[in-house]
Amino acid sequence: MTTTDTVSAAAPPADPPPQPLTTRDGIPLKVSLMRALRREKMRAMLLIAPLLLFILLTFAAPIADMLFRSVENGIVSNTLPRTVEALADWDETSGEAPGEPVFAALHADLLIATEKKTHTRLGSRLNYEASGMSSLFRKTGRRAGRMDEAEPFKAQFIDIDDKWGEIDTWQVLKTFSPPLTSGYFLNAVDMELTPGGIEMKPESERVYLFLFARTLFLSLTIMGCCLLLGYPVAYLLAALPARTSNLLMILVLLPFWTSLLVRTSAWKVLLQQQGVINDFLVWTGIVSDAGRLVMINNQTGTIIAMTHILLPFMILPLYSVMKTISPSYVRAAKSLGATDWTAFWRVYFPQTVPGIGAGSILVFILSIGYYITPELVGGTSGIFISNRIAYHISSSLNWGLAAALGVLLLAAVLLLFYVYDKIVGIDNVKLG
Amino acid sequence: MTFKTLLLASAATAMMTTGASAIDLTIVSWGGAYSNSQNEAYHKPYMAENPDVNIINDESSNEAVAKLRAMNEAGNLTWDLVDVLASDAIRLCDEGLAMEIDHDEMLAPAPDGTPASQDFGDLIVSDCYIPQIVYSTTFGYRTDVAAWNGKEPDDICDVFDLETFPGKRALEKRPINNMEWALLCDGVAKEDVYDVLETEEGVNRALAKLGTIKDQTVWWSAGAETPQLLADGEVVMGSTYNGRLFSLIEEQDQPVKMLWDAQVFDLDGWIVPAGLPKERLDAVMEYLRFATDTQRLADQAKYISYGPARESSAPLVGKHAELGIDMAPHMPTDPNNAKNTFLFNYEWWADYRDDLDARFQAWLAS
């Protein structure tokens, strides 16, 4: 203490004005050092460049592209550029369908669109927003070429389909004409874009918020079940002598290596009402033949099957952490007078927290995006949001909505990750 | 097999694929018994006649719509011919992903000279579509249910009658077909079904009717589920494709019978992806002309109980290739089975599918 005091007290007046350190050829040392380091860094970058490029091209870019679809809506203005321009002057609150210039523009646009066969594509896009658009465009496209150019177009369009005279049709067209739309995101949270602004959908059509909540709830439940069942198993694995624990380890790993579909189907055989478990319960007289338990095609089925499938993802990180905990800590605690419970809870358990964290994150993130098992055993009350995403990707082709749902799911996971980091700390996670 | 033989074998296959055959055709279908029937009826005879063509089977039809769109966007078309349902064909045609077909020009006429477009008739539901088979979604029921006191369902509305026919039902996890059946049994006349379903009250009515059996229903998403549920006794009646029920009843000999009432006709057929290069397109068209002629369509019925889509094929339908039973009475198009069929409205569903699906899923989840 005293020496530093004297040094700091004595140093300032003795110090000459600071001279920048230079190398022998006059370049400041800092610059020279940076140069050398940059070269090193460049070399390191070049080494990892192939992998980085590969990841960017095959992983990051497709995800970014998919995410962008959740707001992208160029199709209306690309297919009907003149109509969109003419519609800008139309007042959608006027209560009247647009006038002749808009219909003339629509005719010109449709002639080109039918040539390129893009009008039906636009129809199926707009059909996501209002039923009937798909056939309206298909029908109109077939007859657009046969219109009489000398006559007023408005009457001819209305003649093809009354919908062209209805204000709703034009409101949809105008609402969805900008190249970017919030429509998909609103849809993904059970809202809709109407001419009057953003509104909640009618009660009977709301499904996504509910499914998001259920996905989170079920994933947390599955995570909890995995932890409850996995912790003792991991403890046994770590505590038993090598010979027995190896045998146990195989019992954990064998199902892990078995196909997901096989395991899910096996649960079907076990859990169904005419299945093994129910037959056994009826045979022992615990339940009556009429009162067979319903354990599948509902949430119970999803929870049981997914807990089984994801259990190894909990056990393995837990095991690898427990393996490193020296038994002498617990022994020391006991020798100092701790009861079994205190020794476990105050000494052993805190040391396993990194394993619990890792296992829980793994199980939670895996289960939040699962869809095969819920689809097979979940019935109607046990399906996840990912089942709807899969439906919109592969069946309804509404990729914009699927992308919006995906973005929300990703955002929810990131948010939970952040909260987890604040509470537990991400440094406290050990993945083996 | 040792490593050496494996190496030799793969070298031999590599030589065969590059050397002997001039052209590979990738044909996409559903897999299972259905692909098998196409393989026996179309692919094998065609390859025998044209040794320079090699047909590769891809079993991705259930995700064909999404994959075709992805291929189109990536500009890398790897499929030459795709087997899809009619509703998917309409969708693909609308999206510009399927090529428009001139049926009379591109397909063989019937043996008596009737042009193809007339031979297929109304079944050409889209300009891009070449129908192959007619199937129907219908109900199967177990014949050994004690609680039914010897009665057997013979009316579609028995599905909604929990008093006479107690037990669990299996229905498909989507609005199509279910909504129509519900309205029919709620007293709506057949020809008014779609008009009623277009209104808010109509949808509510259909859902309310389905609601009467909701807690007694297992909802399926794959066609193989109902046969399995029936065989396990997990449900007492359930809807599925008639070919699945045929194999459950005739091939696996289960105590199950078919309920031919208000069954819904649907189609399966080919589409040609838009944008094939000239050489591949020519090869596909050559194949299609062969595979969709009158005899070939009739041949397929030997292996699976789906009716040929050409009118001229119907008289040529023979016996099952292995069981040796007459196939005609098992066809959905047989007059005895088709006494009271329901005509599915593709155009209507193309318009209302998205909306009704949202309603239906919200209803299911609640």
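The values are calculated or read from the model by the stated rules, or taken from the named source; none is laboratory data. Note that the structure is predicted; figures quoted are calculated from it, not measured. Note that we place each Cβ from the backbone using ideal geometry, even for glycine, and neighbour counts take in every protein chain shown.
With respect to being surrounded by 19 or more Cβ atoms within 10 Å (Cβ to Cβ), away from chain A (no Cβ under 11 Å) and of a type in the set (Ser, Thr, Tyr), B:SER247 falls outside the description. Taking the stated definitions as given, is A:ASN278 of a type outside the set (Phe, Trp, Tyr) and either touching a strand residue (DSSP E or B) at 6+ places or on another chain (Cβ under 6 Å) or outside the structural domain of A:PHE217 (by TED's automatic domain parsing) (or both)? No; evaluated as a whole, the condition is false for this residue.
The number of residues in the stretch B:163-181 that are surrounded by fewer than 19 Cβ atoms within 10 Å (Cβ to Cβ) and under 18 Å from B:ARG205 (Cα atoms) comes to 1. Scanning the stretch B:96-124 for residues that are over 14 Å from B:LEU288 (Cβ atoms), within 12 Å of chain A (Cβ to nearest Cβ) and buried (at least 21 other Cβ atoms within 10 Å of the Cβ) turns up just one, B:LEU97.
A Cβ distance below 6 Å, combined with a sequence gap of six or more or placement on separate chains, defines the contacts here; from the stretch A:156-185, residues that are aromatic (Phe, Trp, Tyr) reach residues that are surrounded by fewer than 18 Cβ atoms within 10 Å (Cβ to Cβ) in the pairs A:TRP164/A:ILE158. Within the stretch A:60-118, the set of residues being touching a residue at least 24 places away in the same chain (Cβ under 8 Å) and at positive phi comprises A:GLY95 only. Residues that are away from chain A (no Cβ under 14 Å), among the aliphatic types (A, V, I, L, M) and either buried (at least 24 other Cβ atoms within 10 Å of the Cβ) or not in a strand (DSSP E or B) (or both): does the stretch B:251-266 have at least one? Within the stretch B:251-266, not a single residue is away from chain A (no Cβ under 14 Å), among the aliphatic types (A, V, I, L, M) and either buried (at least 24 other Cβ atoms within 10 Å of the Cβ) or not in a strand (DSSP E or B) (or both). Output yes when any residue across the stretch B:336-350 is away from every other protein chain (no Cβ under 14 Å), in contact with a His (Cβ under 9 Å, 6 or more places away or on another chain) and either surrounded by fewer than 18 Cβ atoms within 10 Å (Cβ to Cβ) or in contact (Cβ under 8 Å) with a residue 40 or more places away in the chain (or both), and no when none is. Checked the stretch B:336-350: at least one residue is away from every other protein chain (no Cβ under 14 Å), in contact with a His (Cβ under 9 Å, 6 or more places away or on another chain) and either surrounded by fewer than 18 Cβ atoms within 10 Å (Cβ to Cβ) or in contact (Cβ under 8 Å) with a residue 40 or more places away in the chain (or both). Residues in the stretch A:243-274 that are away from chain B (no Cβ under 14 Å), among the polar types (S, T, N, Q) and over 28 Å from the mean Cα position of the chain (by Cα): A:THR244, A:SER245, A:ASN246. Scanning the stretch B:239-267 for residues that are in contact (Cβ under 8 Å) with a residue 24 or more places away in the chain and in contact with a Gly (Cβ under 6 Å, 6 or more places away or on another chain) yields B:THR240, B:TYR241, B:LEU245, B:VAL256, B:MET258.
For every residue, the table says whether it meets (1) modelled with pLDDT of 85 or more; (2) assigned to a helix (DSSP H, G or I).
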site	(1), (2)
B:GLY324	yes, no
B:THR333	no, no
B:LYS339	yes, yes
B:PHE344	yes, no
B:TRP349	yes, yes
B:ARG353	yes, yes
B:LEU356	yes, yes
B:PHE360	yes, yes
B:TRP363	yes, yes
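With respect to the conditions (1) buried (at least 22 other Cβ atoms within 10 Å of the Cβ); (2) aliphatic (A, V, I, L, M); (3) at the interface with chain A (Cβ under 8 Å from one of its Cβ atoms), B:ALA365 lacks only one, and its number is (1). A residue that is assigned to a loop (DSSP other than H, G, I, E, B) and either crowded, with 22+ Cβ neighbours inside 10 Å or more than 14 Å from every other protein chain (Cβ to nearest Cβ) (or both) occurs nowhere in the stretch A:344-363. Selection over the stretch A:321-356 of residues that are touching a Leu at 6+ places or on another chain (Cβ under 6 Å) and hydroxyl-bearing (Ser, Thr, Tyr) gives a count of 0.
Of all residues in the stretch A:67-78, how many are part of a helix (DSSP H, G or I) and surrounded by fewer than 22 Cβ atoms within 10 Å (Cβ to Cβ)? Walk me through how you get there before you give the answer.
Of all residues in the stretch A:67-78, those part of a helix (DSSP H, G or I) come to A:67-68, A:74-78.
Subset that is surrounded by fewer than 22 Cβ atoms within 10 Å (Cβ to Cβ): A:67-68, A:74-75, A:77-78.
Residues in the stretch A:67-78 being part of a helix (DSSP H, G or I) and surrounded by fewer than 22 Cβ atoms within 10 Å (Cβ to Cβ): 6 in total.
Considering the conditions (1) under 18 Å from A:LEU236 (Cβ atoms); (2) within 14 Å of chain B (Cβ to nearest Cβ), A:ILE372 is excluded by exactly one of them, (1). Comparison of A:GLU199, A:GLU100, A:GLU192 shows that the only residue that is over 37 Å from the mean Cα position of the chain (by Cα), of a type in the set (D, E, K, R) and not assigned by TED's automatic domain parsing to the domain that holds A:ALA412 is A:GLU100.
Would you check which residues across the stretch A:194-221 are more than 12 Å from chain B (Cβ to nearest Cβ), more than 24 Å from A:ILE361 (Cα to Cα) and without any contact (Cβ under 8 Å) to a residue 40 or more places away in the chain and list them?
A:THR194, A:GLY196, A:GLY197, A:ILE198, A:GLU199, A:MET200
Evaluated against (1) touching a residue at least 12 places away in the same chain (Cβ under 8 Å); (2) surrounded by fewer than 19 Cβ atoms within 10 Å (Cβ to Cβ), A:GLY224 falls short on exactly one condition, (1).
All conditions in (1) under 25 Å from B:TYR303 (Cα atoms); (2) more than 11 Å from every other protein chain (Cβ to nearest Cβ) hold for B:SER221, with the sole exception of (2).
Regarding A:THR380, is this residue surrounded by fewer than 19 Cβ atoms within 10 Å (Cβ to Cβ) and touching a strand residue (DSSP E or B) at 6+ places or on another chain (Cβ under 7 Å)?
So A:THR380 fits the description; yes.
Taking the stretch B:141-229 and the helices (runs of 4 or more DSSP H) fully enclosed by it, the elements with 2 or more residues that are without any contact (Cβ under 8 Å) to a residue 40 or more places away in the chain and not hydrophobic (A, V, I, L, M, F, W, C) are at B:200-211.
When the stretch A:283-324 is filtered for residues that are over 35 Å from the mean Cα position of the chain (by Cα) and either in a loop (DSSP other than H, G, I, E, B) or within 13 Å of chain B (Cβ to nearest Cβ) (or both), the ones remaining, listed by number, are A:GLY285, A:ILE286, A:VAL287, A:SER288, A:ASP289, A:ALA290, A:GLY291, A:ARG292.
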